[in-house]
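Below you'll find the structure, written out as structure tokens, and then a few comments.
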Amino acid sequence: MRVLVTGGAGFLGSHLCETLLQRGYEVICLDNFFTGKKSNIAHLFEWSGFEIVRHDIVEPILLEVDQIYNLACPASPHHYQHNPVKTIKTNILGTLHMLGIAKRVGATVLQASTSEVYGDPLVHPQVESYWGNVNPIGPRSCYDEGKRVAETLMFDYHRNSGVDIRVIRIFNTYGPRMAEDDGRVISNFIVQALRGEDLTIYGEGNQTRSFCYVDDLIRGMIQAMDHPTLKGPVNLGNDDERTILELAELILRMTDSRSKIQRLPLPKDDPTRRQPDLGVARSVLGYEPLVAVEEGLERTIAFFRGKLRS
Ligand code: NAD
Ligand code: UDP
């Protein structure tokens, strides 16, 4: 089995490459290193089945593979808003190119979609049948609408050309190998707490997210790819919902930090509530998140402690 992982040098991609190699697959990791790092995958070169291709999926490429996991796209708001047009191109042209490969060689293609397709949701928890509440012209739109069009392309290629597709909607996932400067809330809070800096809460901190540990997410992603009939979309994550203030207080306690909390303005269109309905994942995939937030945070804090020390 030869598998292509786009965005393979990123946070989720590097964990996925590692798990696939452990399963005995050949893995081609494709990345343009915008937010990915060689250090995330350096340890994978000891596997003879591992290859790396420096490439930008906005440009076409010819490869012979059995499966494609399409993860290439910056995921943190800070990174995807840096060059919004590039984010749209990555989601639309990049997904088109991956679907083109899948159609030509008969590969199965999995698209890493996102809870952001629900926007600032009016239905809670979010079920896959909910069409979302997305601002088409705001600062988050390049990502949200890009991912929505990518889902549309997946289903049109499936209906019109018979391409075998999987669409997963990933909810906030964290863990070791997150970039310390990516601006996401868990990496920000842990790094701030360990450095003794103020924890920056945007708004009052009443907004919620449901945080999933990376190992759970990767297992669910592979379960989705390996399912014989599922096309999706299927939500993947952990449905343990917390406010951002609760998260900040938990991280302060767990790091034994003397940092204070500082309140900064809430970014435009920041979703107020987010929690996956995992009914489809549980009943169709047999998926269950196993790592409690406290346990996942402990492992992530240990990772950042080591990183900051070195
Ligand atoms: P990440 O930023 O760590 O990884 C993205 C990877 O894609 C990086 O290695 C980057 O260099 C690469 N990349 C970006 N644009 C590219 C391009 N044009 N060509 C080739 N490579 C490119 O982010 P992540 O958290 O690992 O997210 C991976 C995927 O999962 C993304 O598609 C993201 O939208 C999706 N996702 C992640 C989360 C999460 O909480 N982590 C939530 C929802 C969806
Ligand atoms: N957030 C925060 N402080 C930070 C970073 C993020 O309060 O230093 C908030 C942010 O406003 C959002 C939540 O935490 O409400 C999750 O933000 P993140 O960027 O991690 O993910 P997303 O908004 O894409 O879910």
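Accessible area per residue (1.4 Å probe, heavy atoms of protein chains only) ranks 195, 184, 258, 305 as 258, 195, 305, 184, with the largest value leading. Between the alpha-carbon centres of the range 198-270 and the range 15-94 there is a gap of 23 Å. For the range 123-208, the Kirkwood radius over C-alpha pairs fed into Stokes-Einstein at 20 °C and 1.002 mPa s yields D = 131 µm² per second. Neighbours of residue 188, meaning other residues whose beta-carbon lies under 10 angstrom from its beta-carbon, give a summed charge of -3 when Lys and Arg score +1 and Asp and Glu score -1. Ordered by solvent-accessible area of protein heavy atoms (1.4 Å probe), largest first, the residues 177, 299, 166 come out as 299, 177, 166. In the full protein context, the chain carries 43 Å² of accessible surface per residue, based on a 1.4 Å probe and ignoring ligands, DNA and RNA.
Eigen-decomposition of the gyration tensor built on the alpha-carbon atoms of the chain gives equivalent ellipsoid semi-axes of 30, 22, 18 angstrom, largest listed first. Across the accessible surface of the chain, with the other protein chains kept in place and a 1.4 Å probe, carbon and sulfur atoms take up 51 percent.
Length available on full extension from residue 299 to residue 229: 0.36 nm per residue minus the Cα-Cα distance, which gives 21.7 nm.
Where both bridge residues fall in the chain, DSSP classifies roughly 10% of the beta bridges as antiparallel.
The values are calculated or read from the model by the stated rules, or taken from the named source; none is laboratory data. Note that the structure is predicted; figures quoted are calculated from it, not measured. Glycine also receives a Cβ, built like all others from the backbone with ideal geometry; neighbour counts cover every protein chain displayed. Calculation scope for accessible area: heavy atoms of the full protein, side chains included, ligands and nucleic acids excluded. Shrake-Rupley method; radii C 1.70, N 1.55, O 1.52, S 1.80 Å.
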